[in-house]
1. Checking A:Phe53 against (1) closer than 22 Å to A:Met125 by Cβ; (2) within 25 Å of the chain's Cα centre (by Cα), which test does it fail?
2. Of (1) more than 17 Å from A:Glu741 (Cβ to Cβ); (2) within 13 Å of RNA strand B (Cβ to nearest atom); (3) touching a strand residue (DSSP E or B) at 6+ places or on another chain (Cβ under 8 Å), A:Gly808 satisfies all except one. Which?
3. Mind checking which helices (runs of 4 or more DSSP H) fall wholly inside the stretch A:468-528 and carry at least 2 residues that are out of contact with any Phe, Trp or Tyr (no Cβ under 8 Å at 6 or more places or on another chain)?
4. Just name the residue that is nearest to A:Arg162 (Cα to Cα) out of those in the stretch A:84-124 that are aliphatic (A, V, I, L, M) and open to solvent by 40 Å² or more (accessible area, probe 1.4 Å).
5. In the stretch A:2-13, which residue that is assigned to a helix (DSSP H, G or I) and among the aliphatic types (A, V, I, L, M) is surrounded by the most Cβ atoms within 10 Å (Cβ to Cβ)?
6. Residue check: is A:Tyr227 in a strand (DSSP E or B), open to solvent by 10 Å² or more (accessible area, probe 1.4 Å) and more than 9 Å from RNA strand B (Cβ to nearest atom)?
7. Got a number for residues in the stretch A:735-754 being more than 8 Å from RNA strand B (Cβ to nearest atom) and not basic (Lys, Arg)?
8. Of (1) modelled with pLDDT under 90; (2) closer than 17 Å to A:His51 by Cα; (3) surrounded by 14 or more Cβ atoms within 10 Å (Cβ to Cβ); (4) within 16 Å of RNA strand B (Cβ to nearest atom), A:Thr600 satisfies all except one. Which?
Amino acid sequence: MKKINFAKIEKKWQGRWAKAKCFQVKEGKKKKYYVLEMYPYPSASGLHMGHAFNYTIGDVYARFKRMNGFNVLYPMGFDSFGLPAENAAIKAKSHPKKFTEKAISNYVKQMKELGLSYDWSRLIMSHKPDYYKWDQWIFLQMLKKGLVYKKESPVNWCPKCRTVLANEQVHNGKCEYHGDTDVQIKHLNQWYLKITDYAEELNNFKRLEGWPDEIKKLQKNWIGKSYGTDIYFKLYGTNKLLPSFTTRCDTIYSVTFLAIAPEHPLLNELVRGVKDEKKIKDFAQKLARESLADRVNEEKVKKGIFTGKYALNPVNNEKIPIYVTNFALMYGSGIVMCDAHDKRDFRFAKKYKIPLKFVISKDGRKVDANKSAEAYVDDGILFNSGKFSSMKNKEALPKMANWLEKNRWGKKVINYKLKDWLISRQRFWGTPIPIVYCDKCGVVPVPESQLPVKLPDTVKLGKGNPLKTTLSFINTKCPKCKGKAKRETDTMDTFVNSSWYYLRYCDPKNKRAIFDKKKAGYWVPVDMYIGGREHACMHLIYIRFYTKFLRDIGLLKINEPALRLFNQGMLHGPDGEKMSKSKGNVVLPEQVSKKYGIDTARLFLVSLASPDKDIDWSEKGIQGSLKFIKKVIIYFNKVKVKKSSARIESKVNKVILEITDDIENLRYNLAVIKIRGLFDSFEKEREIGKKDLESFLKMFSVFCPHIAEELWSGVGEKEFVSLSDWPVADEKKINKKFEREEEILSITVNDIINIKRLAMIKKPKAYIYHLSGETNLFRNNKDFLSTASGAIVVPFAVNDKKKHDPEGKSKKAKAGKPAIYLE
RNA sequence: GCGGAGAUACCGAAGCGGUCAAACGGGACAGGUUUAGGACCUGUUGGCUCAGUGCCUUCAGAGGUUCGAAUCCUCUUCUCCGCACCA
């Protein structure tokens, strides 16, 4: 056979789909289905096979739903703000926009070559002013609702990114993008979104049945809801209360000192006038400057200094020293009560010779902590704990919390690990924060009518934030008093852009509103959201937050952005490692499709394993897919289109049911196996009915759309297979009898071959003796048995008097298992 | 430390109480076909037995539940991945 010209076929159908606007959709009466893949950052290096894998998963699903009669919204866009483009622009002394748009056009071209059925008329790009205008608009709406504030506080600063980072972007004290760089703590005046107002609702996962448990657990962990008590220690000699959050109020009688975070806003006031004021402050500053990695590291010895001040334990009025320590973070109240029942507190106390007291032991017997070498962290029985002595500490805990509250020594509180979202970035390539500073009027939001605040087209990129030196950007008029004013130069975190993009797809060209409520109302929520697990604690929390906010201002009626979330696996390089340029194991779709055709690649990616599993690219593996596709093409070129046997009809209809179910549940690998199996059955038949051939092509088309279109037109169809109706199984035609017969035949073939080998007869005659009820089966399939087994098959019924049976084998025949004699 | 996912024949990967020596693909091997093939077709691929229908040992390891377990339970080992001085 001639070599298949994949490129020609692909180009042809991509062109026809585009021309016929096959995949463009409008709101309508039909039931909608919204398939969405997380939109990518358009990196300069373009798409690799891993992206192709990801988008193929969505494309198969979109095609499947479309053929099943849904009005399918399947859009694509680009998360096109971000540091890499800016850094590239700095290097090349150019503008990031240039880089970004070049990368995007490259991406679009590549995506089209993958045969993805996007509605390109809805393309969005977050770096475009008509998109980020609405980032700014949402910011202003949040401001109105009191969900935006600016505050000076200690923030994470990455010296390499030269910007602050959100908590979510700091991992183990290192920058997410620069794993080798410690994040520094800086005190800066920054903009925050009050996501914590939604902490409680975000922690409710009841409406996310369609999301993987894994993701929900990660989010729950991240939100970190904990029940505890704020205990009010009185600053000695004053009436000032120092609240200290604890989940272990059962150890209150064990407390022998307080620890305060070095960056605590109260610290300056606290040490004012004490003997070593300067020394303490300097030390605290030193501690605060330590990298989070060091402070968070379990192995490093903790440091601290006595503040010279004391506090009173409310339950027993004991006077206890207050220390500044690096292990106290600005979590909870930033003040920690410390006792002998915590490893870290214990070690610290030993180091600084602070006395310790145990109040729990295994059996309730009194134990002296100062004589112990380590903390007692297990549960046990309380002692020296007032009226709670001799109770189990676990049981006493809730009672003690109530008791503290009743005596006004404390208050039961719920604490979240989730913090407000710091969105300020000191970089150029992001959405400008729509704020103006006026000497007279102070902080003034830019009025909606003046949006968007656009990024300047000409800037001097270089050190620091170029907006700071672009006078045409900074200098403006105060919207209130029309006097001279300066613009905010910080831009927004790019995660802001991706927090609502799925809504803009519903109405991407709207100039007057963020989106039309009716249109969005038709399309949202997303029915199938596809993306990586790594977004569990960032994007997927933010997008939920934005959805809830937009609901609360009346724009949406939904509570969650997506009904179903699917985390695809990662495609590794042939070496089993994560694909990366530096490792040199990146596989490019262009190379692959040139050699094998893109449909072959799609089929291979999807048949290797379940799509949620990580897989390794394999040059060898793809050969199997190529072989199959070739066979299909050859077959369709010579198939006799007539009428299917009842056996084939049974098989087709059975397999339709199975494949439909498999694809619905994203078990593409199993669906492909069944498609292959169906094809194998076709090949064994002399002729096939058109309807069955078409059912095959339809199912095949979601995986291999170009080849399917080609063959579809080959069987005389004028319309697109991509827009045809998914086959419906005629269950009446499914007959188990045929399966059983097929099984009998294949066992018989195996048996003949087996005996042939053992008897070492090359081209034997095979006399088979079947029970009399199976006469038709064996007679009708005599030819099939002969070709398949490589013997000349002569069937006899057991009771046939004229049968040739020199060794009396026919006695061995069983139902479905004929006896065999070779010669 | 806490939390999650997993361990299946040479490899990848289905199976998730009986129909399981375990789908399917890759590889390897054998045979056929062909001028020749890395192309195509057919078969084999746990062990034993053998002119096929049989038997035995397997699904990380050890126990257990059951008439019956790759599948359910318990513990152990190993791998991967999140979170982590969270008070």
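The values are calculated or read from the model by the stated rules, or taken from the named source; none is laboratory data. Nothing here was measured: the structure is a model prediction, and the numbers come from that model. Every residue, glycine as well, gets a Cβ built from its backbone with ideal geometry; the counts of neighbours run over all protein chains shown. These area figures cover heavy atoms from the full protein model, side chains too; ligands, DNA and RNA do not enter into them. Shrake-Rupley method; radii C 1.70, N 1.55, O 1.52, S 1.80 Å.
1. With respect to (1) closer than 22 Å to A:Met125 by Cβ; (2) within 25 Å of the chain's Cα centre (by Cα), A:Phe53 is out only on (1).
2. Going through the list (1) more than 17 Å from A:Glu741 (Cβ to Cβ); (2) within 13 Å of RNA strand B (Cβ to nearest atom); (3) touching a strand residue (DSSP E or B) at 6+ places or on another chain (Cβ under 8 Å), A:Gly808 breaks only (3).
3. Ranges flagged: A:471-474, A:517-523.
4. A:Ile90
5. My answer is A:Ile9.
6. yes
7. Qualifying residue count for the region: 9.
8. Going through the list (1) modelled with pLDDT under 90; (2) closer than 17 Å to A:His51 by Cα; (3) surrounded by 14 or more Cβ atoms within 10 Å (Cβ to Cβ); (4) within 16 Å of RNA strand B (Cβ to nearest atom), A:Thr600 breaks only (1).
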